[in-house]
Amino acid sequence: MADEPIPLLDGTPDETNKPAPEPEPEPEPAQKKRRGRPPKEKIPTFAERMCACMLEIGGIGKMGVNDHFGYSYTRAEDLIAKVQHVVAEHGLFLLTQTTLLEDSQPHLCMVQTRVTATDGTDSASASGLGSGQDRGDKAIMKADTAAFKYALARLFCIPFGIDPEADTRTDTDATADNQPATPEAVKAAKRATLRRQGGDKDKAAAYWRSVCEMAGLEEGIALTSAQLREILTLMAGD
């Protein structure tokens, strides 16, 4: 039984023996916030960067139009500008190497261009072929531009909307191209040559021979439709 205060003579309780109250616990000091380096951001792997580039590049539209034949095509400058911007944003850069494969025919050459994407450690490469024809000194530049365009397309899986297997017209055109050119078409081409040379038959014959040489053809052979069209194309560009 706890001790009870003894009442004084006047009846008030004696508080002298009352135990002192226990002191209140002091508040714990606030913990200091730990200062340290922020968590490191995850650096994407090379494969992840390549996948990000493929997703962002997507497809490239056909913004160019061939004035002579009237077909649409994907311009190399549009493709290169898009790829350059995207790969740089993802910390990659491109290296190229071009090899001359064929230049035996006059004014015609074929090259192979290899494009390598790298982050400085890992890399991926793809190659493309290109051919160019020009009466001046631009044949190799045309070939290299085409090869570079198709190497980029292979490296980043860029669709152009072109599927040779689905183009039934190609098979039809190929068959027609291998057919002999009609005599009327050949005569019409030679008459056009004569008019271009002001009616001078000797100049017209010499010009016809030079165009055939540029096309890699021997004078006097039976021309196919494709060969005659190539001669007319060279004459139009002269």
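The values are calculated or read from the model by the stated rules, or taken from the named source; none is laboratory data. These numbers come from a predicted model, not from an experiment. Cβ sites come from the backbone with ideal geometry, for glycine too, and all protein chains shown count toward neighbours.
Determine, yes or no, whether Ala47 is part of a helix (DSSP H, G or I), closer than 16 Å to Leu152 by Cα, among the small types (Gly, Ala, Ser) and modelled with pLDDT of 85 or more.
Working: part of a helix (DSSP H, G or I): yes; closer than 16 Å to Leu152 by Cα: no; among the small types (Gly, Ala, Ser): yes; modelled with pLDDT of 85 or more: yes.
The answer is no for Ala47.
Is it true that Ala181 is in contact with a Ser or Thr (Cβ under 9 Å, 6 or more places away or on another chain), modelled with pLDDT of 80 or more and either closer than 21 Å to Gly136 by Cα or not polar (S, T, N, Q) (or both)? Here the answer is no, as Ala181 does not meet what is asked. Considering each residue of region 193-211 in turn, none proves to be exposed (fewer than 11 other Cβ atoms within 10 Å of the Cβ) and modelled with pLDDT under 80. Contact list please: Cβ distance under 9 Å, first residue in region 133-145 and in contact (Cβ under 8 Å) with a residue 24 or more places away in the chain and surrounded by fewer than 18 Cβ atoms within 10 Å (Cβ to Cβ), second residue part of a helix (DSSP H, G or I) and among the hydrophobic types (A, V, I, L, M, F, W, C), pairs at least six apart or on different chains. As it stands, the answer is Asp134/Ile140; Asp134/Met141; Arg135/Met214; Arg135/Leu234, since those pairs meet every condition given.
Looking at the structure I just gave you, is Asp10 in contact with a Leu (Cβ under 8 Å, 6 or more places away or on another chain) and modelled with pLDDT under 75?
no
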